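These notes concern the structure reproduced below.
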Amino acid sequence: MKEYTLPYLNLAIFFNPLLRSGNDIHFELVLPLLDNLEVCNLTITTEGPVIQNFVTFNSYNRIYKKIAQAGRKYISDELPDYNQLQDALVYSAIVKPSGLDLLFEYIHEASKQSVIRGGDVYYIAFDTNILMDRIYTNYLRDYSDAPNIDFILSETVRSELTNRKNKINKKTINDLAEAFGKSARCFSNQNVLADRRRYIGFLEFNKIRHETDCDQLKPSRSIDDKDEEIIETYAKFAVQGYNRKVLLISRDNEFIRMSPSLPDVIPIVIENRVRDRSIKQMRCGYNKLFSFIYHLSVLYGEIVLQLKGHNIYKCYGVWPQKNVRQWENNHIKVSANSELPYITSLDHHTNILKKMKYKRESRRFPKTD
C-alpha cells in the first residue's frame with residue numbers, strides 16, 4: 001500500500017481516474033473497528049456520488065454490543081454507537097438537521113430591517129453541542145457578512161470544548177487491540193473518541209472567531225451548572241444592548257427548556273438525528289462525500305473502501321504522528337493499493353498538490369469546506 005497525506009477536500013484525485021472509464025464505480029465502505037462491518041455502498045458517477053443501503057440500527061447494534069461486551073469496561077467509550085455513526089452524516093451536511101428552517105426565517109426577517117430605522121440586529125448564539133455538529137460551516141458561513149446578522153460565543157462553551165482526557169497510551173492500545181485488533185494501532189498517542197468529537201467543535205469555534213466579527217462573552221459569574229452559565233451569559237448580552245435579538249441554538253431540548261422566556265432571547269432547538277433507521281439512498285455532492293469519509297475516519301480511526309471485495313483505499317482520520325496543523329487543516333491519510341494501474345497518476349497529482357501554495361491572507365481557515 002502507498003500512503004498519501006492531504007486535506008480531505010483533495011480526495012478527488014483518488015476517484016477521478018476511476019471515472020475516466022465512463023462507468024459508475026460501486027464501493028463498499030467497511031469499518032475494520034467493527035469486525036469489518038459494511039456501513040454502506042458508495043456509487044461514484046459523473047453526476048455525483050450516491051450513498052446506498054446504509055446499515056440499519058439493528059445490524060449495527062448487533063456487532064457493537066458483541067465487541068463492547070467482550071472487551072474491558074472502557075472499550076465501549078472508544079467505540080462509536082449508532083447515533084455517533086449518524087453524526088458523520090450531519091457533520092458533512094448529507095443529512096440536514098430539523099429546526100434550521102425556523103432559524104432561517106429569523107435570518108431572512110433580519111435582512112429586511114433597517115437598524116437606523118429602529119430595526120433589530122440578530123445575534124446567533126451557539127451551545128456547545130451545536131458547534132460539534134458544524135452548523136456554522138455547513139449552513140451559516142454565508143451569513144458571516146450579512147446585514148443585521150452577527151454571532152456571539154460564550155467563553156464557557158470554549159472551556160467545555162477544550163476539556164481533555166488523557167491520550168491513548170501504549171497500555172491502553174494493548175487493551176484496545178484485544179477488541180479492535182490491528183485497527184487499534186492508529187490511535188496510539190492520540191486523543192480518545194470523546195475528545196476527538198469535542199475537537200471538531202473547537203475547530204468550529206475558531207472558524208467563527210476568525211471569520212466573523214463575533215463577540216466573545218465572559219460569564220458574569222461561575223456556576224456549577226455550565227448550561228445555566230451559558231444561558232445566563234447570552235441572556236445578559238441581549239438585555240444590555242438596544243435592538244438586540246439573540247437566536248440561541250442548541251440540540252439539547254433541556255437546554256432550550258431552561259432558556260429564559262425573554263422577548264429578546266429566542267431559543268431554537270436543532271435536532272440532528274436521522275429519523276429513518278433504514279436509509280436506502282442519499283445523493284450528495286463530492287465535497288460532502290469527502291467530508292463524510294473524513295469525519296467517519298476521525299470517529300473510527302480507519303475505514304476501508306472496497307471494490308468487489310478487494311481493498312482499494314484505506315483512509316485514516318487518526319494516526320500516531322498526526323500533528324496539530326494536520327488536525328486544523330482536516331488532513332486524512334490514504335493508503336492506496338499499490339497494484340492500482342493509475343498509481344503513477346496519484347503520485348503525480350499529490351506531488352503537484354505539495355508544490356502548490358495557497359494564499360490565505362488574514363484567514364486561518366480557507367473558505368472552501
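The values are calculated or read from the model by the stated rules, or taken from the named source; none is laboratory data. Just so you know, these numbers come straight off a predicted model, no measurement behind them. Counting neighbours? That spans all protein chains shown, and the Cβs are built from the backbone with ideal geometry, glycine included.
Screening the candidates Asn10, Asn61, Asn36 for the property of being more than 21 Å from Tyr316 (Cα to Cα) and out of contact with any His (no Cβ under 8 Å at 6 or more places or on another chain) yields one hit, Asn61.
Anything in region 204-235 that is aromatic (Phe, Trp, Tyr) and within 24 Å of the chain's Cα centre (by Cα)? List them, or say none. Within region 204-235, just Phe205 meets the criteria. Restricting to region 230-244, and then to whatever is crowded, with 20+ Cβ neighbours inside 10 Å and touching a residue at least 60 places away in the same chain (Cβ under 8 Å), can you tell me which residue is nearest to Leu296 (Cα to Cα)? Step by step, filter region 230-244, then rank; the result is Ile230.
Residue-by-condition table, conditions (1) within 17 Å of Leu11 (Cβ to Cβ); (2) aromatic (Phe, Trp, Tyr); (3) in contact with a Ser or Thr (Cβ under 7 Å, 6 or more places away or on another chain):
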{"site": "Ile312", "(1), (2), (3)": "yes, no, no"}
{"site": "Asn323", "(1), (2), (3)": "no, no, no"}
{"site": "Asn337", "(1), (2), (3)": "yes, no, no"}
{"site": "Tyr342", "(1), (2), (3)": "yes, yes, no"}
{"site": "Lys355", "(1), (2), (3)": "no, no, no"}
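Among residues that are outside the structural domain of Thr56 (by TED's automatic domain parsing), in a loop (DSSP other than H, G, I, E, B) and either without any contact (Cβ under 8 Å) to a residue 60 or more places away in the chain or not basic (Lys, Arg) (or both), Leu262 is included.
State which residue pairs qualify: first residue buried (at least 21 other Cβ atoms within 10 Å of the Cβ) and inside region 26-41, second residue hydroxyl-bearing (Ser, Thr, Tyr) in any location, beta carbons under 9 Å apart, and separation of 6 or more residues or different chains. Here the result reads Leu31/Ser183; Leu31/Tyr300; Leu33/Ser183; Leu33/Tyr300; Leu34/Tyr60; Leu34/Tyr64; Leu34/Tyr300; Val39/Tyr60, each pair linking region 26-41 to a residue that is hydroxyl-bearing (Ser, Thr, Tyr).
For region 292-310, residues that are at pLDDT 95 or above and within 12 Å of Leu29 (Cβ to Cβ) total 10. Restricting the search to strands (runs of 3 or more DSSP E) fully inside region 267-336 and requiring at least 2 residues that are surrounded by 19 or more Cβ atoms within 10 Å (Cβ to Cβ) and among the polar types (S, T, N, Q) gives an empty result. Taking residues in region 325-349 that are farther than 15 Å from Leu6 by Cβ, and partners anywhere that are of a type in the set (Ser, Thr, Tyr) and crowded, with 17+ Cβ neighbours inside 10 Å, the pairs with Cβ atoms closer than 8 Å and at least 6 places apart or on different chains are Asn337/Tyr313.
Scanning region 63-77 for residues that are more than 14 Å from Leu31 (Cα to Cα) and of a type outside the set (A, V, I, L, M, F, W, C) yields Lys65, Lys66, Gln69, Gly71, Arg72, Lys73, Tyr74, Ser76, Asp77. Could you grab the pairs with beta carbons closer than 7 Å, sequence gap of 6+ or different chains, first residue in region 1-12 and in contact (Cβ under 8 Å) with a residue 24 or more places away in the chain, second one acidic (Asp, Glu)? Sorted first by the residue in region 1-12, then by its partner, the pairs are Leu9/Asp369. Filtering region 87-106 for residues that are in contact with a Cys (Cβ under 9 Å, 6 or more places away or on another chain), of a type outside the set (Val, Ile, Thr), closer than 24 Å to Thr233 by Cβ and not assigned by TED's automatic domain parsing to the domain that holds Gly301 leaves an empty set. Number of residues in region 5-25 that are under 30 Å from Lys355 (Cβ atoms) and surrounded by fewer than 20 Cβ atoms within 10 Å (Cβ to Cβ) equals 14.
Region 1-110 holds strands (runs of 3 or more DSSP E) entirely within its bounds, and those carrying 2 or more residues that are polar (S, T, N, Q) and within 18 Å of Lys280 (Cβ to Cβ) map to 37-45. Counting only residues that are surrounded by 17 or more Cβ atoms within 10 Å (Cβ to Cβ) and of a type outside the set (Gly, Ala, Ser), region 148-170 holds 12 of them.
Within region 130-141, identify whether any single residue is assigned to a loop (DSSP other than H, G, I, E, B), of a type outside the set (A, V, I, L, M) and under 26 Å from Ile63 (Cα atoms), and answer yes or no. Checked against the condition, which is being assigned to a loop (DSSP other than H, G, I, E, B), of a type outside the set (A, V, I, L, M) and under 26 Å from Ile63 (Cα atoms), region 130-141 yields at least one hit. Tell me, please, whether a residue that is touching a Lys or Arg at 6+ places or on another chain (Cβ under 8 Å) and crowded, with 20+ Cβ neighbours inside 10 Å can be found in region 55-63. Looking for residues that are touching a Lys or Arg at 6+ places or on another chain (Cβ under 8 Å) and crowded, with 20+ Cβ neighbours inside 10 Å, one finds none in region 55-63, hence no. Taking (1) among the small types (Gly, Ala, Ser); (2) in a helix (DSSP H, G or I); (3) at pLDDT below 90; (4) in the same structural domain as Met258 (by TED's automatic domain parsing) in turn, Ala179 satisfies each apart from (4).
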